[in-house]
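Step one of this worksheet: look at the structure below.
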Amino acid sequence: MATVRRIGFGTIFELENDVVGIGTDNPTHKLQALGNIRSEGVQDVGVTTLTTYQGFTDKEAKFGQVTTDKSQQLGTLSGEIVIDGDVTVSSATTFTSGPQHLTVTDTFTLPSGDTNSRETKPTPGSFRFNQDFATLEFYTGNNWATVNTFTEIQNSPGSRGRGLLGGGQGPAPTYTDSIGFIHIPTFGDSQNFGDLTQETTRRGCSSSIRGLFAGGFVNPTGNNTIEYVTIASEGNAIDFGDMTHQRRNHAAVSSSTRGIWSGGESPATINVMDYVEIATIGNSLDFGDLIRIRKGHQGINSSVRGIWVANQESGAGKAEAEMITIASKGNSVRFGDFSDGPRSNGGAASNPVKGIYAGGYTGSGTRTTQVFSCTIASEGSFINFTDLPEAHDTAQGMSNATRGVFMGGYPNQSTNTMKSVEFASGGSSVFGRDLASNRNANSAGISDSHGGLGGF
């Protein structure tokens, strides 16, 4: 049985059997304490329950099961861990924890920074706050994805949908720099959003957060500039970078992270595709080549696949379509044909499942009311879907999950009307009015919720 000694100031304390027990008369370690321990100003040297640690704790603390490696000066904790007070891990320290459940009673702060300050080689699952977009984002292993914070999508899948129309011609030879916006789920007139950096035609693509406008007509050819806006916040466009080629009469598709432009006149018609990462400001890069040179065509897309539709060639155009996988650089491959002959300069819109191509020029001065549709995931022909209230070409499309809207265009002269098509029913109607000025010829239509963007 251990000898009980009273310890006071100046007392020489000698160990018996080299062990001391507190709350136990059968200690198995040099110092073993059972029950709650309160300590202040303690310096503990060596490997203990917390490895080498100075200061120990200034308040009551409980620690779970402890495993230590004396040779490596390492230790692990398991079970319930309760710490009253702050825990600081230095910037030079890697802190790894694997609890099955973590409860934070107040708040915690995520790593944050602008888009350009992202890690170059992040671990899949990395989580941060993007100061450029005021959004949460995570790394998928291939790209940064935005956390959807729009609760209305869960309650009403078709409710989200801000659409923007930028630039265009009308009436000739006047070009505009204005950007207008609408709320796609509701009928009504457009409102002023801001201005492009120049008066010109454009082609647009977007994520659910940022819209890009690129290319356009600058007499006698096209230009290669790219500019951007934040879709949720009205304001003027800002320089983004440059495309690899000057181009007009081109087309665009996009996923939640990547935008792609194809074809157009430069001044000769080309088959080149460019891409950008929408969240990262900079010049475009080569994506691959189209099967054939194209202009006056359109792009439709899901979040995975882009389809290039129609072609202004030899008068009436061509009836064929080709496709790409947006996340994978490479040349396009054949998708299918129009079931009713060639056309060009129609409008296009898409939700995650269906793509529609509305109106267009069919040759000999003829414009059509026909609307064609395709199932984006299945290669095949575009089939007759419905008709517009009036014939047009050069109208630009935008969409949310349930509705495609076609703005402006050229029935007999440039117009400011908008026409809509319902993806589910094929119903069509005059939707509202565009901006105060008429416009046609290659305006840029984008939205925050086309092709599976925005959480639906």
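A few comments on the model shown:
- Check on residue 189, in the same structural domain as residue 394 (by TED's automatic domain parsing) and either among the basic types (Lys, Arg) or modelled with pLDDT under 85 (or both): yes
- Of residues in the range 370-400 being at pLDDT 90 or above, of a type in the set (A, V, I, L, M, F, W, C) and in a loop (DSSP other than H, G, I, E, B), the one farthest from residue 161 (Cα to Cα): 377
- Per this entry, residue 90 is not counted among residues that are modelled with pLDDT under 65, assigned to a loop (DSSP other than H, G, I, E, B), under 22 Å from residue 255 (Cβ atoms) and of a type in the set (Ser, Thr, Tyr).
- Verdict on residue 239 being farther than 30 Å from residue 291 by Cα, modelled with pLDDT of 90 or more, assigned by TED's automatic domain parsing to the domain that holds residue 405 and not small (Gly, Ala, Ser): yes
- Every residue from the range 241-254 that is crowded, with 24+ Cβ neighbours inside 10 Å, of a type outside the set (Val, Ile, Thr) and either under 18 Å from the mean Cα position of the chain (by Cα) or assigned to a strand (DSSP E or B) (or both): 243, 247, 251, 252, 254
- Out of 234, 227, sole residue that is at pLDDT 90 or above, charged (D, E, K, R) and assigned to a loop (DSSP other than H, G, I, E, B): 234
- Looking across the range 349-386, the residues that are within 23 Å of residue 274 (Cα to Cα), touching a residue at least 60 places away in the same chain (Cβ under 8 Å) and small (Gly, Ala, Ser) come down to 349, 350, 377.
- Selected residue (only one of 235, 282, 222 is surrounded by fewer than 19 Cβ atoms within 10 Å (Cβ to Cβ), touching a residue at least 12 places away in the same chain (Cβ under 8 Å) and either hydrophobic (A, V, I, L, M, F, W, C) or more than 27 Å from residue 161 (Cβ to Cβ) (or both)): 282
- Residues (over 10 Å from residue 279 (Cβ atoms), assigned to a loop (DSSP other than H, G, I, E, B) and charged (D, E, K, R)) located in the range 115-147: 119, 121
- Residue check, residue 300 more than 21 Å from residue 443 (Cα to Cα) and modelled with pLDDT of 90 or more: no
- Close contacts from the range 102-115, counting a first residue that is acidic (Asp, Glu) and a second that is modelled with pLDDT under 80 and assigned to a loop (DSSP other than H, G, I, E, B), with Cβ to Cβ under 9 Å and a gap of 6+ residues or different chains, come to 114/131; 114/132.
- Filtering the range 261-306 to residues that are out of contact with any Phe, Trp or Tyr (no Cβ under 7 Å at 6 or more places or on another chain), over 26 Å from residue 337 (Cα atoms) and in a strand (DSSP E or B) leaves 276, 277, 286.
- Remark: pairs (first residue in the range 117-129, among the acidic types (Asp, Glu); second residue at pLDDT below 90 and surrounded by 10 or more Cβ atoms within 10 Å (Cβ to Cβ); Cβ separation under 6 Å; 6+ apart in sequence or on different chains) are absent.
The values are calculated or read from the model by the stated rules, or taken from the named source; none is laboratory data. Everything quoted here is computed from the prediction, not taken from an experiment. Quick reminder, even Gly has a Cβ in these numbers, built from the backbone with ideal geometry, and neighbours come from all protein chains shown.
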